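Read the structure below first, then the notes.
Each value in this text was obtained by applying a stated rule to the coordinates, not by laboratory testing. As the structure is a prediction and not an experimental result, all values here were calculated from the model. A quick note on method: Cβ atoms are made from the backbone with ideal geometry, for glycine too, and the neighbour counts reach across all protein chains shown.
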Amino acid sequence: MTDSLPKPRARRLLVSIHDVGPLFEPEVDRLRALLTRHIPEDRIAMLVVPNHWGKAAITPGSPFADRLRNWADRGTELFVHGWFHQDNVIHKGRVDRFKARHMTASEGEFLGLSEAAAIERMAAGRALIEDISGRPAAGFVAPAWLYGPGALAAVASLGFTVCEDHMKVWSPASGRILCRGPVITWASRSRARIASSLAGAFLLRNALRGAGVVRLAVHPGDTREPSLLDSIERTVAALAAAREPIRYRDLAAAPAGNAFHSNAPIPDSRLRPARRGAV
Ligand SMILES: [Zn+2]
């Protein structure tokens with residue numbers, strides 16, 4: 001793929017499926033079927049939860065592990081997406097307590113973890129995915145895109161190639177921000193959230209028309225609501241018609257200074273690799 005280096009000013013699209021694991025296997029299949037009508041399967045990143053809510057452990061040699069291996073063999077990027085996904089920490093600060101409870105339905109597993117605990121879970125998740133897929137994990141994405149200070153230090157310590165939160169993609173390994181801008185996503189937890197995410201997807205799709213890179217993320221819960229599936233289908237179709245779907249690793253491999261990179265160093269030293277190879 002020598003001709004695949006991103007061209008200046010080209011418009012790119014990053015697409016991901018969150019919460020991949022045996023707990024939501026039918027939903028993930030449905031999302032893959034929808035997305036692959038518009039995007040090649042090797043351009044759809046899968047965010048894998050090793051043991052969702054402590055009741056859906058992925059084990060090497062299991063049928064689900066074989067599916068992950070198969071997808072990886074066909075070019076799909078597999079990310080570590082937490083371990084349990086659920087936030088089981090007692091939060092000290094009022095703001096963190098509010099975020100954990102109200103913004104994520106307590107799914108922000110990495111919001112309150114210490115660096116040591118975060119490293120332990122991230123390293124175990126990475127080892128599992130690499131054992132199953134036979135290749136490096138694509139990166140780490142915290143559940144609900146929420147990172148506490150311990151999680152930010154941990155991704156730097158472990159030197160992940162790619163991480164993302166709601167507003168940016170960055171590389172702890174290189175210390176670069178790879179792209180900025182909100183991710184287009186949907187929420188299915190309540191009628192009010194469904195309504196606002198439908199409006200939000202429409203508005204963002206238009207507001208981000210000139211962006212170098214647009215990110216789109218879908219979740220298993222989206223499949224329970226036909227209006228969300230319609231919105232996802234329309235949004236993916238419109239974006240895929242105007243943009244080239246790429247892999248996260250294409251973004252990380254692109255030279256600094258192209259249309260979607262920020263050359264600015266990451267100001268927060270916690271985003272930089274502190275002790276690569278230590279774990
Ligand atoms: Zn998730």
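What's the magnitude of the charge dipole for the stretch 10-264 around its Cα centre, counting Lys and Arg as +1 and Asp and Glu as -1 at the beta-carbon? Answer in Debye, nearest 20. Each step should come with its number before you reach the end.
On the way: 32 positive and 25 negative charges, 161 e Å.
Computed charge dipole of the stretch 10-264: roughly 780 debye.
Grab the beta carbon distance between Ala253 and Asp165, set R0 = 25 Å, and tell me the FRET efficiency rounded to 0.05.
Numbers: r = 21 Å, r/R0 = 0.83.
Approximately 0.75, to the nearest 0.05.
Can you check what the net charge comes to around Gly221, using other residues whose Cβ is under 11 Å from the Cβ of Gly221 (Lys, Arg +1; Asp, Glu -1)?
Values: positive: Arg189, Arg193, Arg224; negative: Asp19, Glu27, Glu107, Asp222, Glu225.
Taking every Cβ under 11 Å from that of Gly221, the sum is -2.
With only alpha-carbon atoms counted, please give the Rg and Dmax of the stretch 10-264, in Å.
17.1, 46
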